[in-house]
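Here the structure is laid out as structure tokens; the discussion comes afterwards.
Just so it is clear, none of the values below were taken in a lab; they were calculated from the coordinates. These figures come from a predicted structure and were not determined experimentally. Virtual Cβ from ideal backbone geometry, glycine too; neighbours counted across all protein chains shown.
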Amino acid sequence: MRHAMTVAALLLFIVAAPAGEVPVIKTLPGIVVDTKAREVRLEGEVCLQRGSLELLACSPGTREHESIIVVKAKPSHIVFALALVGLSPGQPGYMTEGGSFSPPGGTVVDIIARFAVAKPDGKTEIVEVPAWKLLKPAGSESGLERPLQWVYVGRPSEAALRAADQEGAVVCLSNFTEAVLDVPFESTSVNADLLYEANPAVVPPPKTPVELILRPTPERILPRKVECEVLLRKGRPPTLDGKPMDMAALRDALNSMPADVRTAVLRAEADESVGRFLEIYNLLRDALMKVHPALLAPKATGPAAAAPLAVTVTADGKVRIGGQTLTVEEFRAKAPTLLKGAEKVAIGAEKSADQKTVVEVLDIARQTGASAVISHGEATIEKK
């Protein structure tokens, strides 16, 4: 795989560096990785000085008509470069099952723009400005009044890297699943509702060379919970996000939900009573929730029912299940849905995986009504 070979070459370069010497890596096109300064520098140029924006920066031949800067590097190469300074990917924004938007989350990355400006005496001066100063609110004559943050959401899977390269979404202002860096709040890509424009008072003329400097910070913005799930199984108490509770406790829990949680998925078995379904539905509406009704899939029967559902704890502390790679927090939120209908779930751990994470994943599984047994780093979970 081309991406894997590139990373292998970079790692070989690092290993080959003399002891005690911290290399400045220039292997990737248009990228300098300074591991001592812990920053990634991207070569680029101004492609838009005025106009509405969906991105701050894109890669060549993609979104230059809606970006201020076009960088030489591919998004996949930038993801690899950020990994070399210790960044782990966060979570892109996405639409939940119930129709709410879950904003991006991840490590906050400061972005600095470095470029030359002409002085009155005809000489040039190299300046560095925070990238957010290149922007102004849509329809405004002046720049932003307070800083804008970006979080690292780049995903290192082959499919995600291929999609990122195709879309060219390097630094976004509207939310894109394929983004390398995105804003940590909901921001539409609908042209009539775009939030930002280029600020010509700060942005230099088109074709001006620009170096974007990406500097990870200690701050991390976690994905916000925006949706809850209530499960109804005949003859059992309702569960809220995997926790069984009586009606009084359910009412209290719903009324004390964070303000961001305004959507609920109400999932019920086909033979659940209409009366109880409507009671819970009204309870959710009374808590000012938008309710998305759904049918709980019936349990599998026959030979397929005996096949365990595979769950793997990866070496970097993620949870892999059914083609998805999730953070532990994401797995906790989605476990009631991901594990529903499975008679057995086999949990394995990659080499060097943190055993505390394995135990945490097992505990999450138990909260969905499962029992677990750990044996030599693996576990088999059987539904009660």
Counting Lys +1, Arg +1, Asp -1, Glu -1, what net charge surrounds residue 139 among other residues with beta carbon under 15 Å of its beta carbon? -2
Kindly write out, for the stretch 44-58 in residue order, the coupling ³J(HN,Hα) from the Karplus curve 6.51 cos²θ - 1.76 cosθ + 1.60 (θ = phi - 60°), rounded to whole Hz, with x marking Gly and Pro. x, 8, 5, 10, 8, 9, 9, x, 6, 10, 10, 9, 7, 9, 10
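Taking Cα pairs under 8 Å and at least six residues apart, what relative contact order does the stretch 225-296 come out at, in percent? The partial results should precede the final answer.
Working: 109 pairs, mean separation 25.6, N = 72.
Reported relative contact order: 36 percent.
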Förster-model FRET efficiency, 45 Å R0, residue 286 and residue 88, C-beta, rounded to 0.05: 0.65
Volume in Å³ per residue [convex hull over Cα atoms, computed for the chain]: 174 Å³
Within the under-10-Å Cβ sphere about residue 267, not counting residue 267, Lys/Arg +1 and Asp/Glu -1 give a net charge of -2
Cross-link table 133/207; 74/225; 243/356; 290/318; 74/207; 74/356, entries beyond 25 Å C-alpha to C-alpha: 74/225; 290/318; 74/356
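Between residue 116 and residue 309, what length comes free when the chain is fully extended (0.36 nm per residue of separation minus the Cα-Cα distance, one decimal in nm)?
Details: separation 193, 0.36 × 193 = 69.48 nm, distance 5.70 nm.
Value of the extension gain: 63.8 nm.
So if we plug the beta-carbon distance of residue 356 and residue 124 into 1/(1 + (r/R0)^6) with R0 = 56 Å, what FRET efficiency do we get, rounded to 0.05?
Values: r = 55 Å, r/R0 = 0.97.
Efficiency, rounded to the nearest 0.05: 0.55.
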Suppose each label sits 7 Å from its Cα in the direction of the beta carbon; what would the residue 320-residue 26 distance come out to in nanometres? 3.7 nm
By how many degrees, between 0 and 90 and to the nearest 10, does the Cα long axis of helix 328-338 differ from the longest principal axis of the chain? 40 degrees
Based on the Cα coordinates of the stretch 225-296, what is the per residue volume of their convex hull in Å³? 75 Å³
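In nm, what is the difference between 0.36 nm times the number of residues separating residue 256 and residue 217 and their Cα-Cα distance?
Gain in length upon complete extension: 10.8 nm.
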In degrees, nearest 10, range 0 to 90: what is the angle between the Cα axis of helix 75-84 and the longest Cα principal axis of the chain? 80 degrees
Under a 5 Å amide H to amide H cut-off, with H placed in plane at 1.01 Å, what residues pair with residue 309 once short-range neighbours are removed? 344, 345, 346
So if I place +1 on the C-beta of Lys and Arg and -1 on the C-beta of Asp and Glu, and nothing else carries charge, what would the dipole magnitude of the chain be about its Cα centre? I want it in debye, nearest 20. 580 debye
For the stretch 96-203, take every pair of Cα atoms, bin their distances at 5 Å starting from 0, and report each bin as a whole percent. 2, 11, 16, 20, 20, 13, 9, 5, 3, 1, 0, 0, 0
Quick check on the chain: helices-only [θ] at 222 nm, where DSSP H runs of length 4 and up contribute -39,500 (n - 2.57) each and the sum goes over total residues. Nearest 500, please. -6500 deg cm²/dmol
Given charges at Cβ of Lys, Arg, Asp, Glu: the chain dipole, positive-most of 357, 172, 112: 357
Chain lengthening between residue 190 and residue 146 when straightened (0.36 nm per residue, less Cα-Cα): 13.5 nm
Quick query: amide H of residue 135 versus all other amide H atoms, modeled in the peptide plane; which residues come in under 5 Å with a sequence gap of 5 or more or a different chain? 144, 199
The stretch 55-103: C-alpha pair distances exceeding 18 Å, %: 53 percent
